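Chemist: I am attaching a structure below and will ask some questions about it afterwards.
The values are calculated or read from the model by the stated rules, or taken from the named source; none is laboratory data. Worth saying up front: this structure is predicted, and the values here are computed from it rather than measured. With ideal geometry, Cβ positions are generated from the backbone for all residues, glycine too; neighbour counts draw on all protein chains shown. Ligands, DNA and RNA are excluded from the accessible area calculation, which covers all protein heavy atoms including side chains. Shrake-Rupley method; radii C 1.70, N 1.55, O 1.52, S 1.80 Å.
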Amino acid sequence: MWETAASAGHRRAQFYTGTCYDFGKGVAKNVEAAFYWYLKAAMQGHMDAQYNVALFFRKGEYVNQDHERAVKWFRLSAKQGDIEAKRELGYSYFYGYGVAQDQQQAVIWYRLAAAKQDARAMYNLALCYKFGEGVGLSARWARYYFEKAADAGHKGAGKELRKLI
């Protein structure tokens, strides 16, 4: 049913069809088909599909690795409110993947995702404060974000908190 609707141009059905192929749900796992359907949905503005297309380009899974194209798709998804895409833009800026390296810009994106309780973004933000990367060095803010990340279930945050004691 999903594939019939997807073939008719329904963007949510395209996303779900991509997901089925991506994870082998109801069909044989097929990364090529997954990317095809994600891209169809992404080009129609489906936020989650845009994020998934970005991951394909970042990882170089099925397509050639292309960090600039990954950033393009992360940005489109983030503009629609995708929290993980915001975090991944932070990661891209922090390491200079597909954009000029800019740790201050990374912190901006990490903060946007952390404000929505993204544990990985809170952890990354805590590391920025711990090492003074993109922000001023601050043990207080590092502890704050490590605690928030730990409360949100990030395993590494607890280890970092024990190091601060």
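Chemist: Return a whole-number percent for the relative contact order of the chain, with Cα pairs under 8 Å and 6 or more residues apart as the contact set.
Modeler: On the way: 286 pairs, mean separation 17.7, N = 165.
After rounding, I find 11 percent.
Chemist: Continuing with this model, one more query. Based on the mean of other Cβ atoms within 10 Å per residue, sort peptides 119-130, 104-115 so the most packed one is first.
Modeler: Numbers: 119-130: 24.3, 104-115: 20.6.
Put in order of decreasing packing, that is 119-130, 104-115.
Chemist: In debye to the nearest 20, how big a dipole does segment 48-165 give about its Cα centre with +1 on each Lys and Arg Cβ and -1 on each Asp and Glu Cβ?
Modeler: That gives segment 48-165 a dipole magnitude of about 380 debye.
Chemist: Can you give me the % of accessible surface on the chain that is carbon or sulfur? Probe 1.4 Å, all protein chains present, nothing else counted. Don't jump to the answer; show the numbers that get you there.
Modeler: Working: 4520 of 8950 Å².
The nonpolar share, carbon plus sulfur, comes to 50 percent.
Chemist: What residue among G81, F23, A6 has its Cα farthest toward the positive end of the dipole of the chain, where the charges are +1 on Lys, Arg and -1 on Asp, Glu, each on the Cβ?
Modeler: Final value for the positive-end residue is G81.
Chemist: Still on this model: Under 13 Å from the Cβ of Q44, count the other residues' Cβ atoms, weight Lys and Arg +1, Asp and Glu -1, and hand me the total.
Modeler: Working: positive: R11, R12, K40; negative: D48.
Residues near Q44 contribute +2 overall.
Chemist: Output wanted: per-residue J couplings in Hz (rounded whole) for segment 37-42, from phi through Karplus 6.51 cos²θ - 1.76 cosθ + 1.60, θ = phi - 60°, x for Gly and Pro.
Modeler: Calculated HN-Hα couplings, in order: 6, 4, 5, 4, 5, 4 Hz.
Chemist: Enter the per residue convex hull volume of segment 59-165, computed from alpha-carbon coordinates, in Å³ rounded to the nearest integer.
Modeler: 97 Å³
Chemist: Quick check: Cα centre of segment 1-15 to Cα centre of segment 32-49, how many Å?
Modeler: 10 Å
Chemist: Counting only heavy atoms of the protein chains, get the accessible area per residue of segment 77-165 (1.4 Å probe) and round it to a whole Å² value.
Modeler: Per-residue value: 53 Å².
Chemist: Calculate how steeply helix 139-151 sits against the longest principal axis of the alpha-carbon atoms of the chain, using the helix alpha-carbon long axis, and give the answer as 0 to 90 degrees to the nearest 10.
Modeler: Its long axis makes an angle of about 40 degrees.
Chemist: Near K59, which aspartates and glutamates are there with a Cα under 16 Å away, not counting those fewer than 8 places off in the same chain?
Modeler: D22, E32, E68, E84, E88
Chemist: For n ≥ 4 DSSP H runs only, could you compute -39500 (n - 2.57) per run for the chain, divide by its residues and tell me the 222 nm figure to the nearest 500?
Modeler: -22500 deg cm²/dmol
Chemist: Evaluate the distance, in nm, between pseudo-label points positioned 7 Å from the Cα of A152 and of Y62 along their respective Cα→Cβ axes.
Modeler: About 2.9 nm, to one decimal.
Chemist: For segment 1-121, what percent of Cα pairs sit more than 16 Å apart?
Modeler: Taking all Cα-Cα pairs of segment 1-121, the fraction more than 16 Å apart is 60 percent.
Chemist: About its Cα centre, how strong a charge dipole does segment 94-163 have in debye, to the nearest 20, once Lys and Arg get +1 and Asp and Glu get -1 at the Cβ? Numbers along the way, then the final one.
Modeler: Working: 11 positive and 6 negative charges, 60 e Å.
Dipole of segment 94-163, to the nearest 20 debye: 280 debye.
Chemist: Take the chain, connect every pair of alpha-carbon atoms lying under 10 Å apart with a spring to form a Gaussian network, then pick out the residue of D151, D48, D82 with the largest mean-square fluctuation.
Modeler: D151
Chemist: Quick one: what Rg and Dmax do you get for segment 19-73 from the alpha carbons, in Å?
Modeler: Spelled out, the Cα radius of gyration and Dmax of segment 19-73 are 10.7, 33 Å.
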